[in-house]
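Below is one structure; the comments refer to it alone.
Nothing in this text is a laboratory measurement; each read-out follows from the coordinates by a stated rule. Owing to the predicted nature of the structure, the values given are computational and were not obtained by experimental measurement. When we count neighbours, we look across all protein chains shown, and the Cβ atoms used for this are built from the backbone with ideal geometry, even at glycine.
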Amino acid sequence: MTQQDLSVAAEVSRKSINAIENGVYVPSTVLALKIAQTLNCSVEDLFELP
């Protein structure tokens, strides 16, 4: 899945997805849940505390 595909599914810009991937932006709970649902995984699979 491309950043563009994920951004469309999560209803955010591709730049937002890129910023999340690079650790520049921390998504809201709602956005994190949308991303996890789109990728068919849990939020914990995607994000963890340092």
For this session: Would you mind getting me the FRET efficiency between Ser42 and Ser13? Use the beta-carbon distance for r and R0 = 25 Å, nearest 0.05.
Result: 0.55
Seminar exercise, completed: Neighbours of Ser7 by Cβ distance under 14 Å: Lys/Arg at +1, Asp/Glu at -1, summed charge 0
Exercise. Which of the peptides 28-41, 9-22 is most tightly packed, and how do the rest follow, judged by the mean count of other Cβ atoms within 10 Å per residue?
Worked result: 9-22, 28-41
Exercise. What nm distance separates the two modelled labels at Glu21 and Leu33, each placed 7 Å from Cα along Cα→Cβ?
Worked result: 2.5 nm
Exercise. With a ≥ b ≥ c the root eigenvalues of the C-alpha gyration tensor of region 3-45, is it rounded (a/c under 1.5), prolate (a/b larger than b/c) or oblate?
Worked result: oblate
Problem set entry | Residue-averaged [θ]222 nm for the chain, counting only DSSP H segments that reach four residues, each worth -39500 (n - 2.57) | -15500 deg cm²/dmol
Exercise. So what is the relative contact order of the chain, in percent, for Cα pairs below 8 Å that sit 6 or more residues apart?
Worked result: 28 percent
